[in-house]
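As structure tokens, the structure follows; a few thoughts come after it.
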Amino acid sequence: IARADVGALELPDASFDAIYSRWVLCWVERPAEAFARAARALAPGGVFALQDYFNYRAMTLAPRSPAFDRLREAILAKWRSTAGDDDLAGNLPDW
């Protein structure tokens, strides 16, 4: 197990059989770089399991709730102010 600032984490190439990340990269300032570093750390045939936000802007309730909509917008505003990414998983194919 390795623990460090994921935004600056340097791991030896091909040193892990598996990497699991849950709701982490969406908060990293340069997530594509962190993703690339993690991918390089995987041994051949290794698995990178990533669970992160996808199209958070579309989250809603049924029936609709104006209070929930205001909450979602406040969360999105906070996210943007911290360089987070509310659609991290949607960007993965480009990386």
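Could you tell me which of the residues 32, 14, 39 is under 23 Å from residue 93 (Cβ atoms), out of contact with any Cys (no Cβ under 8 Å at 6 or more places or on another chain) and exposed (fewer than 14 other Cβ atoms within 10 Å of the Cβ)? Please lay out each step first, then the result.
Working: 32 fails: exposed (fewer than 14 other Cβ atoms within 10 Å of the Cβ); 14 fails: under 23 Å from residue 93 (Cβ atoms).
When all the criteria are applied, what remains is 39.
Out of everything in region 70-95 that is open to solvent by less than 40 Å² (accessible area, probe 1.4 Å) and not aliphatic (A, V, I, L, M), what residue ends up being farthest from residue 29 (Cα to Cα)? Before you say what the answer is, go through the steps one by one.
So in region 70-95, the residues open to solvent by less than 40 Å² (accessible area, probe 1.4 Å) come out as 72, 76, 79, 84-90.
If we keep only those that are not aliphatic (A, V, I, L, M) too, we end up with 72, 79, 84-87, 90.
Details: 72: 21, 79: 11, 84: 6, 85: 9, 86: 12, 87: 13, 90: 16 Å.
By that ranking, first place goes to 72.
Could you list, ordered by first residue, the pairs with Cβ atoms under 6 Å in which the first is in region 73-95 and under 17 Å from residue 55 (Cβ atoms) and modelled with pLDDT under 90 and the second is open to solvent by 50 Å² or more (accessible area, probe 1.4 Å) and in a helix (DSSP H, G or I), at least 6 apart or interchain?
Qualifying pairs under 6 Å: 84/27.
Quick check: is even one residue across region 55-63 aliphatic (A, V, I, L, M), surrounded by 12 or more Cβ atoms within 10 Å (Cβ to Cβ), out of contact with any Cys (no Cβ under 9 Å at 6 or more places or on another chain) and touching a residue at least 40 places away in the same chain (Cβ under 8 Å)?
no
The values are calculated or read from the model by the stated rules, or taken from the named source; none is laboratory data. This is a predicted model, so every value here is computed, not measured. Using ideal geometry, Cβ is built from the backbone for each residue, glycine included, and neighbour counts are taken over all protein chains shown. The accessibility values were calculated without ligands, DNA or RNA, using every heavy atom of the protein model including side chains. Shrake-Rupley method; radii C 1.70, N 1.55, O 1.52, S 1.80 Å.
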